[in-house]
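The values are calculated or read from the model by the stated rules, or taken from the named source; none is laboratory data. The structure displayed is predicted, hence computed values, not measured ones. Note that we place each Cβ from the backbone using ideal geometry, even for glycine, and neighbour counts take in every protein chain shown.
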Amino acid sequence: MPFTPLHMGPGIVVKATLQNSFSLMVFGWSQIAIDIQPLVVMLTNKGELHGFSHTLLGATLIGLFSGLTGKHLGEFGLRFIRAPEYLPISWRVSFASGLIGTYSHIFIDSIMHSDVLPLSPFSEASPLNGIISIDALHVWCMVSAVAGGLAWFVIKHIKRRSSRLRIG
């Protein structure tokens, strides 16, 4: 199903690890952008469900698009939710977050969906398909969201505390 929140789990782990060197807002936008093609196919019943958008070439183009458009969208979103500590989003962070988002998306979808051909048009192979069960993949995504969220909270708390100790 397009726009699944399960893709956000690994992004939360990356956010916890990279902190301000990664934008979860741009990452989330890339998850939506890459699934526009499957959504259109579902609505129109025309085309390949996981076609060009779910190839490495398509993911690269959509990741670059997400980085280009996501910087300003992400900054707007951060202002809207009143999270100025994550502003501004640099162009480097925006593009990296968009590409990490689209590449991780096709990695996960390649395991889950047999019609995802990440190496197309050079190969029709889907080497990751079925390497773990769909249930295990869902559990991994959910566990990564929880673990990433906890790590993000702990790291943020430790940074806050250490900065207070330096000031005091």
Total residues in segment 132-163, condition of a type in the set (A, V, I, L, M, F, W, C) and more than 21 Å from the chain's Cα centre (by Cα):
2
Before we move on, is G9 in a helix (DSSP H, G or I), buried (at least 19 other Cβ atoms within 10 Å of the Cβ) and touching a Cys at 6+ places or on another chain (Cβ under 9 Å)?
yes
Positions within segment 82-110 being touching a Pro at 6+ places or on another chain (Cβ under 9 Å) and at pLDDT below 95, in sequence order
none
Looking at T4, T55, which is the one that is at pLDDT below 95 and under 25 Å from I134 (Cβ atoms)?
T4
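Residues checked against (1) exposed (fewer than 12 other Cβ atoms within 10 Å of the Cβ); (2) under 20 Å from K15 (Cβ atoms):
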position: I100; (1), (2): no, yes
position: L119; (1), (2): no, no
position: N129; (1), (2): no, no
position: A145; (1), (2): no, yes
position: K156; (1), (2): no, yes
position: R160; (1), (2): yes, yes
Is there any pair with a first residue in segment 60-84 that is within 10 Å of S30 (Cβ to Cβ) and a second that is part of a loop (DSSP other than H, G, I, E, B) and at pLDDT 95 or above whose Cβ atoms are under 8 Å apart and which are 6 or more apart or on different chains, and what are they?
G70/S23; G70/I89
